[in-house]
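The values are calculated or read from the model by the stated rules, or taken from the named source; none is laboratory data. If you're wondering where the values come from, they're calculated on a predicted model, not measured in any experiment. Cβ: placed from backbone, ideal geometry, glycine included. Neighbour counts: every protein chain shown. Side chains included, ligands, DNA and RNA excluded: accessible areas come from the protein's heavy atoms. Shrake-Rupley method; radii C 1.70, N 1.55, O 1.52, S 1.80 Å.
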Amino acid sequence: VMGMVVGRRIAEDIEWNERGFVRSAAERCARDAQAQVEERIKALAGGGREYVFDLRHRLEDVLTEKVGVFRNEKDLAAAVGELQELYHRSENLGLRSSGRGASPEVAAALRLPGMLRLALTIAYGALKRTESRGSHYREDYPRRDDVNWLKRTLATWPPGADLPALSYEPIVITELPPGERGYGESQTRQAAARTD
Amino acid sequence: MPGRRITFSVFRHNPYDPDSRTRMQDYVLDETPRMNIFTALNRIREELDPSLQFDFVCRAAACGSCGMLVNGRPRLACQTRTEQLPGHVTLLPLPFFKLVGDLSVDTGTWFREMGERVRSWIHAREEFDPTGEEERMPNAVALQVYELDRCIECGCCLAACATAVMRPDFLGAAGLLRMARFLVDPRDRRSTSEVFEVVGTDQGIFGCVGLMGCDDYCPKDLPLATQLAYLRRKLALAGLRSRVNAGPQELKPRGSRS
């Protein structure tokens, strides 16, 4: 026991006294994040040919036209394809202005890839969900399907991927099952019961 | 029928770029229906010049971020329709505040310091009792407090102020209104001398020369003229009485205001 206590104290002392050494996991995270952003800003000055506002306008249009209130398979699939293309183009962003100071162009360029990943998560999740539920309305699947789709979509983004990895978490009914909202829940349930 | 072409002359300077010099830069846009300075500046940034710095957040005249001089007058840009303006629009950053770049100024630091100077929080006498009943307030008083609480901290009043342009330590209409807000609030129990110390000076109400540029340009139509007059009267009387009676009279009546 004594050895462990002394050993731990020696390690702490070294960590504390070493100059230029990161002292904790939190500091390490902050340093990594800062280095990452600095790299990205440097890359922007590397002569890329894409203009952030052109890509962002196209992102806005794709979501408005194809991932809107009334959704369907054809448009959602097209949206996912185009968003992936935009995502690849965003890896080649350049600057039209100097980028010095509090540059709005740099700010927009730093935000754009994240916006595209979020848009892809929304569009891809919507494409996969073949039912209607709440604000997710599918013209091709107008009913709510509690038999197959009473579950939560989870999305993670593997490094280097251009599409999120989706998985599903079932909803656990604790007190009240989801009620009738008038868009086909009971019909879906009856139909499933008949085919069993 | 073709619409107007509007020329925007915009102040440019990046204080963090050693090569930058102050200058005016012109941008020409075709006017669109219901165009306002917010939509115009965003189009200029995205289509013509992505280095142009300006601030907008809510685009609905509620956050106070977009204060700027439009043809010489302090306004909220998101609330300024181009159809109200001539074909040549000059945009300058608000005076009085530190320049961040182009049309973007730092109002947050000044307002934070003002809040600390005025002690912009309820001064209670008793310790808060979480099990007790809440202190009741007549609805009329609550509405009066709300009227003075509506300030969005945009800084237009300071930009329009003759005194502020001469003395950077002036509390301004915004700071004086903030103090008035707590004088009206019956929950606030600070003493007359505490109030006097902050606003009974040349940096406070006695610095006001009565130009009322603040009242003219407040985008929220706050009752600045009446509140500043009220403060001046109350503090002058309190000052006089303290000399006559060797003790300041109570400054804050409870309940409704005269």
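Whenever a residue of region A:23-52 is more than 20 Å from A:Glu85 (Cβ to Cβ), its partners that are modelled with pLDDT under 95 and charged (D, E, K, R), lying with C-beta atoms within less than 8 angstrom and at least six residues away or across chains, give the pairs A:Arg23/A:Glu15. A count restricted to region A:109-146 and to residues that are at positive phi and touching a residue at least 12 places away in the same chain (Cβ under 8 Å) stands at 0.
Taking region B:61-76 as the range and being open to solvent by 40 Å² or more (accessible area, probe 1.4 Å) and either among the basic types (Lys, Arg) or in contact with a helix residue (DSSP H, G or I) (Cβ under 7 Å, 6 or more places away or on another chain) (or both) as the test, the residues that pass are B:Arg73, B:Arg75. Within region B:1-27, restricting attention to residues that are free of Cβ contacts under 8 Å to residues at least 60 places away in the same chain, open to solvent by 80 Å² or more (accessible area, probe 1.4 Å) and more than 10 Å from chain A (Cβ to nearest Cβ), the residue that is farthest from the chain's Cα centre (by Cα) is B:Met1. Residues that are open to solvent by 60 Å² or more (accessible area, probe 1.4 Å) and touching a Phe, Trp or Tyr at 6+ places or on another chain (Cβ under 8 Å) were ranked within region A:143-161; the one that is modelled with the lowest pLDDT is A:Arg143. Would you check if B:Ala124 is part of a helix (DSSP H, G or I), more than 28 Å from B:Cys58 (Cβ to Cβ), open to solvent by 30 Å² or more (accessible area, probe 1.4 Å) and touching a residue at least 60 places away in the same chain (Cβ under 8 Å)? Spelling it out, it is not the case that B:Ala124 is part of a helix (DSSP H, G or I), more than 28 Å from B:Cys58 (Cβ to Cβ), open to solvent by 30 Å² or more (accessible area, probe 1.4 Å) and touching a residue at least 60 places away in the same chain (Cβ under 8 Å). Looking across region A:81-107 at every residue that is of a type in the set (A, V, I, L, M) and buried (at least 19 other Cβ atoms within 10 Å of the Cβ), the one that is farthest from A:Arg143 (Cα to Cα) is identified as A:Leu95. Scoring B:Glu83 on the criteria (1) within 23 Å of the chain's Cα centre (by Cα); (2) more than 23 Å from B:Gly175 (Cβ to Cβ) leaves a single failure, condition (1). If you go through region B:213-228 and pick out every residue that is in a helix (DSSP H, G or I) and either on the phi > 0 side of the Ramachandran plot or surrounded by fewer than 16 Cβ atoms within 10 Å (Cβ to Cβ) (or both), you end up with 3. Got at least one residue in region B:46-54 being modelled with pLDDT of 95 or more, within 21 Å of the chain's Cα centre (by Cα), more than 14 Å from every other protein chain (Cβ to nearest Cβ) and open to solvent by less than 70 Å² (accessible area, probe 1.4 Å)? No, because not a single residue in region B:46-54 is modelled with pLDDT of 95 or more, within 21 Å of the chain's Cα centre (by Cα), more than 14 Å from every other protein chain (Cβ to nearest Cβ) and open to solvent by less than 70 Å² (accessible area, probe 1.4 Å). Residue count for region A:63-95 under the criterion of being more than 14 Å from chain B (Cβ to nearest Cβ) and either without any contact (Cβ under 8 Å) to a residue 60 or more places away in the chain or in contact with a Ser or Thr (Cβ under 6 Å, 6 or more places away or on another chain) (or both): the result is 20. Out of B:Leu85, B:Leu41, one residue alone is in contact (Cβ under 8 Å) with a residue 60 or more places away in the chain, more than 11 Å from chain A (Cβ to nearest Cβ) and open to solvent by less than 50 Å² (accessible area, probe 1.4 Å). It is B:Leu85. Look through region A:34-56, keep the residues that are among the small types (Gly, Ala, Ser) and part of a loop (DSSP other than H, G, I, E, B), and return whichever of them is surrounded by the most Cβ atoms within 10 Å (Cβ to Cβ). This residue is A:Gly48. Taking the numbered list (1) touching a Pro at 6+ places or on another chain (Cβ under 8 Å); (2) part of a loop (DSSP other than H, G, I, E, B) in turn, B:Pro186 passes all entries but (1).
Filtered by the rule that a residue be among the basic types (Lys, Arg) and either crowded, with 18+ Cβ neighbours inside 10 Å or in contact with a strand residue (DSSP E or B) (Cβ under 9 Å, 6 or more places away or on another chain) (or both), region B:182-212 gives a lone residue, B:Arg190. When B:Trp121 is tested against (1) closer than 17 Å to B:Cys214 by Cβ; (2) modelled with pLDDT of 95 or more, exactly one condition is not met: (1).
Name every residue in region A:96-127 that is away from chain B (no Cβ under 14 Å) and touching a helix residue (DSSP H, G or I) at 6+ places or on another chain (Cβ under 8 Å), in order of residue number. Correct list: A:Pro113, A:Met115, A:Leu116, A:Arg117, A:Ala119, A:Leu120, A:Ile122, A:Ala123, A:Tyr124, A:Ala126, A:Leu127. In region B:92-121, the residue that is surrounded by the fewest Cβ atoms within 10 Å (Cβ to Cβ) out of those that are in contact with a strand residue (DSSP E or B) (Cβ under 6 Å, 6 or more places away or on another chain) and more than 14 Å from every other protein chain (Cβ to nearest Cβ) is B:Leu92. Pairing each residue of region A:164-183 that is small (Gly, Ala, Ser) with any residue that is part of a strand (DSSP E or B) and at pLDDT 90 or above, provided the two are 6+ apart or on different chains, yields C-beta distances under 6 Å for A:Ala165/A:Thr156; A:Ser167/A:Leu154.
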